[in-house]
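To start, the structure itself, in structure tokens.
The values are calculated or read from the model by the stated rules, or taken from the named source; none is laboratory data. This is a predicted model, so every value here is computed, not measured. A quick note on method: Cβ atoms are made from the backbone with ideal geometry, for glycine too, and the neighbour counts reach across all protein chains shown.
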């Protein structure tokens with residue numbers, strides 16, 4: 001692992017809802033969770049700090065509503081943050097807060113430096129485009145216009161994720177859920193991003209298909225040396241993939257450390273509960 005982080009996130013806060021005088025800051029909340037009892041606004045992320053290193057898989061685990069998906073969607077600019085900063089070492093020498101740059105620069109970061117794989121493939125793929133066409137869309141967005149080169153790159157990527165080339169011109173809506181996820185992964189890798197964000201990518205898949213997708217993620221880590229953030233409510237998935245793990249609850253990080261360490265000696269009661277449930281599956 002390199003000494004300097006690829007991605008650094010500091011004090012990230014994300015509120016859904018307009019807020020009121022009782023929740024202008026997440027620190028104003030008086031209840032046990034992250035919802036304002038007065039207006040119903042939710043602080044999905046509260047003072048989140050993290051580092052991601054090149055070639056590392058960072059796992060983020062927590063129950064539904066813990067803020068883990070809000071975090072990666074904020075990083076990919078799907079949602080606007082309320083406050084906080086993030087910097088990428090390969091962008092403006094890591095000196096620029098990517099949340100504050102222009103929409104044109106955000107598009108550049110999405111197209112060149114990051115890839116995103118959603119839980120629901122319908123969010124990450126255009127089902128009216130062929131599998132190859134989905135990859136082509138990502139390549140064209142970053143300035144590749146040579147049809148021969150685009151098809152060659154699309155074929156390489158689909159082969160890499162074990163989609164038969166005979167199905168390259170087929171619509172992904174005709175594919176199984178596992179194949180759709182693999183097309184999404186190939187699209188996310190189109191421009192060799194340094195950061196890959198994966199949000200609950202195995203949820204809803206059969207166990208045998210889950211295993212194939214997890215193997216593919218490991219293979220990508222080895223071959224591309226990409227830094228990944230893998231979000232899951234399933235500690236079993238995190239155990240298989242993550243080098244380090246962050247545990248989130250009610251928008252806050254409650255524990256973080258090496259995955260082995262967290263699984264063998266969890267400190268926070270919530271993490272202990274997660275590990276206990278994993279051991280008794």
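Just to be sure before I move on: is residue 39 within 18 Å of residue 84 (Cα to Cα) and either out of contact with any strand residue (DSSP E or B) (no Cβ under 8 Å at 6 or more places or on another chain) or in contact (Cβ under 8 Å) with a residue 12 or more places away in the chain (or both) in the structure I sent? Spelling it out, it is not the case that residue 39 is within 18 Å of residue 84 (Cα to Cα) and either out of contact with any strand residue (DSSP E or B) (no Cβ under 8 Å at 6 or more places or on another chain) or in contact (Cβ under 8 Å) with a residue 12 or more places away in the chain (or both). The listed residues are 260, 169, and the only one of them that is more than 30 Å from residue 11 (Cα to Cα), surrounded by fewer than 18 Cβ atoms within 10 Å (Cβ to Cβ) and either touching a helix residue (DSSP H, G or I) at 6+ places or on another chain (Cβ under 6 Å) or at pLDDT 95 or above (or both) turns out to be 169. Taking the range 178-189 as the range and being in contact with a helix residue (DSSP H, G or I) (Cβ under 7 Å, 6 or more places away or on another chain) and assigned to a helix (DSSP H, G or I) as the test, the residues that pass are 178, 180, 181, 182, 183, 184, 185, 186, 187. Scanning the range 82-99 turns up one or more residues that are at negative phi, part of a helix (DSSP H, G or I) and modelled with pLDDT of 95 or more.
Answer yes or no as to whether residue 254 is within 29 Å of residue 267 (Cα to Cα) and surrounded by 23 or more Cβ atoms within 10 Å (Cβ to Cβ).
So residue 254 does not fit the description; no.
Take the residues in the range 122-134 that are in contact (Cβ under 8 Å) with a residue 40 or more places away in the chain and in a helix (DSSP H, G or I), then tell me which one is surrounded by the most Cβ atoms within 10 Å (Cβ to Cβ). It comes out as 131. No other residue among 55, 62 is more than 21 Å from residue 218 (Cα to Cα) and surrounded by 14 or more Cβ atoms within 10 Å (Cβ to Cβ) apart from 62. Residue count for the range 153-171, restricted to those that are on the phi < 0 side of the Ramachandran plot, in contact (Cβ under 8 Å) with a residue 12 or more places away in the chain and either part of a loop (DSSP other than H, G, I, E, B) or in contact with a strand residue (DSSP E or B) (Cβ under 6 Å, 6 or more places away or on another chain) (or both): 6. The sole residue among 229, 163 that is surrounded by 21 or more Cβ atoms within 10 Å (Cβ to Cβ) and at pLDDT 95 or above is 229. Between 24, 32, the distinction of being surrounded by fewer than 18 Cβ atoms within 10 Å (Cβ to Cβ), free of Cβ contacts under 8 Å to residues at least 24 places away in the same chain and under 16 Å from residue 251 (Cα atoms) belongs to 24 only. What do you reckon, is residue 12 touching a strand residue (DSSP E or B) at 6+ places or on another chain (Cβ under 7 Å) and closer than 16 Å to residue 230 by Cβ? In short, no. The residues of the range 42-63 that are over 18 Å from residue 199 (Cα atoms) and either part of a strand (DSSP E or B) or without any contact (Cβ under 8 Å) to a residue 24 or more places away in the chain (or both), listed by number, are 42, 43, 46, 47, 49. Mind listing whichever residues of the range 100-121 are assigned to a helix (DSSP H, G or I), within 29 Å of residue 41 (Cα to Cα) and under 16 Å from the mean Cα position of the chain (by Cα)? Within the range 100-121, 110, 121 meet the criteria.
Picking from 279, 207, which residue would you name as being out of contact with any helix residue (DSSP H, G or I) (no Cβ under 7 Å at 6 or more places or on another chain), farther than 29 Å from residue 123 by Cα and modelled with pLDDT under 90? The unique qualifying residue is 279. Of the residues making up the range 223-264, those that are part of a loop (DSSP other than H, G, I, E, B) and touching a strand residue (DSSP E or B) at 6+ places or on another chain (Cβ under 9 Å) are 226, 233, 234, 242, 243, 250, 251.
Within the range 203-222, can you find the residues that are part of a helix (DSSP H, G or I) and either buried (at least 18 other Cβ atoms within 10 Å of the Cβ) or in contact (Cβ under 8 Å) with a residue 12 or more places away in the chain (or both)? Steps first, please.
At the first step, the residues of the range 203-222 found to be part of a helix (DSSP H, G or I) are 207-222.
Across the range 203-222, the qualifying residues are 209, 210, 212, 213, 214, 216, 217, 218, 220, 221.
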